[in-house]
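Working notes for the structure below.
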Amino acid sequence: MAIIDELRTPLYFAAGTADLAVQQARKVPGLIEQIAAEAPSRIEAVKKTDPKAVQEKAQAKFAELVGGLDTDLKKLGEQAQDLALRGVGVAAEYAVKAREKYEELAAHGEETVKAWRGETAEEVTEISVVVEPVSEPEPVSEPVAAAEAKPARKPAARKAPAKKAAAAEGAE
């Protein structure tokens, strides 16, 4: 049974991912229309940009970056070690987030599969039956109570065939 459960989760994950992909694909036509509407203004903004100003700005940033480098090797080693430790922490954090997202997509996939099968409506019915309060029984009139009080007819007990019992005794 555990193998089936281990196989279900990746399949539910795939179903959830497929369902989310379909949902996102439905948004594409609207995004294309939005980009097409914004394209002329963006093209004009790029045309008005001075390439020399952009180049000078990039050179200034590069000079600032190079000027900020520390020439002390010991300090560079410590910074590299600090960055490596931060990288491990960030990687662990991303691993936890990835696992959470995986489980979230698997749960979404399970709900999607249930919806595809039509099982969601059945669950809602079951929940409503459980949530509804139990009403108290109405008083029963005497003729109905007398009919209910009659014991049910018991089926007759079956007897074992005599031939088989005799044959078993004769064989001994």
Seminar exercise, completed: Mean projected area (nm²) from the convex hull of Cα positions in region 26-98 is 9.4
Problem set entry | Derived scalar couplings ³J(HN,Hα) [region 44-51; Karplus, 6.51 cos²θ - 1.76 cosθ + 1.60; whole Hz; x for Gly, Pro] | 5, 5, 5, 5, 7, 6, 8, x
For this session: Report the label-to-label distance for GLN81 and SER41 in nanometres (one decimal), using points 7 Å from each Cα along the Cα→Cβ vector.
Result: 5.3
Seminar exercise, completed: Taking Lys and Arg as +1 and Asp and Glu as -1, residues besides THR49 with C-beta under 14 Å from its C-beta add up to +2
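Throughout, read-outs are computed from the coordinates displayed, never taken from laboratory work. Values in this document were obtained by computation on a predicted structure and should not be read as measured data. In this analysis, Cβ positions are derived from the backbone assuming ideal geometry, glycine residues included, and neighbour counts consider all displayed protein chains.
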